[in-house]
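Undergrad: Below are the structure tokens for one structure; questions will follow.
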Amino acid sequence: MKFAQNKIEEAIKDCTLALQYDPKYSKAYLQRSLCYLQSGSFEDALIDAQKATELDPHDISVSQQIQRVKETIQNIQIAEENKKKGKWTEAFAAYEGRRSDFILVGSYCSMP
């Protein structure tokens, strides 16, 4: 899988192509959401996760992805606020939370 090989931009293009063929393919939205999250495009990640939920509301992995994206955005906002205040320990702790999200995402995407 291209995502597991850290070829995120190619994986995003592949998902987009799959969605051109089948706009109701919820797994393509989910995978593209994971790629966007990994690349730092958090709003796009949330939009795709929400679209996947709309198409497949009973898929638990989709609701988990929405939660992951929201938590990542929140961690970054907290880190940036703490950085502005000179609270470096708190800023690094919030960024560390973001890093663990990416580790989780990467391991999820490398599954067959």
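Residue by residue, here is whether (1) among the polar types (S, T, N, Q); (2) in contact with a helix residue (DSSP H, G or I) (Cβ under 8 Å, 6 or more places away or on another chain); (3) modelled with pLDDT under 80; (4) not in a helix (DSSP H, G or I) holds:
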site	(1), (2), (3), (4)
74	yes, no, no, no
86	no, no, no, yes
94	no, yes, yes, no
97	no, yes, yes, no
100	yes, no, yes, no
108	no, yes, yes, no
112	no, no, yes, yes
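Undergrad: With 38, 64, 31 as the choices, which residue is free of Cβ contacts under 8 Å to residues at least 60 places away in the same chain and either in a helix (DSSP H, G or I) or farther than 29 Å from residue 93 by Cβ (or both)?
TA: 64
Undergrad: Hey, among the residues in the stretch 1-25 that are aromatic (Phe, Trp, Tyr) and surrounded by 14 or more Cβ atoms within 10 Å (Cβ to Cβ), which one's modelled with the highest pLDDT?
TA: This residue is 25.
Let's see how each residue does on (1) among the polar types (S, T, N, Q); (2) crowded, with 21+ Cβ neighbours inside 10 Å:
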residue: 35; (1), (2): no, yes
residue: 54; (1), (2): no, no
residue: 67; (1), (2): yes, no
residue: 73; (1), (2): no, no
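The values are calculated or read from the model by the stated rules, or taken from the named source; none is laboratory data. Just so you know, these numbers come straight off a predicted model, no measurement behind them. In this analysis, Cβ positions are derived from the backbone assuming ideal geometry, glycine residues included, and neighbour counts consider all displayed protein chains.
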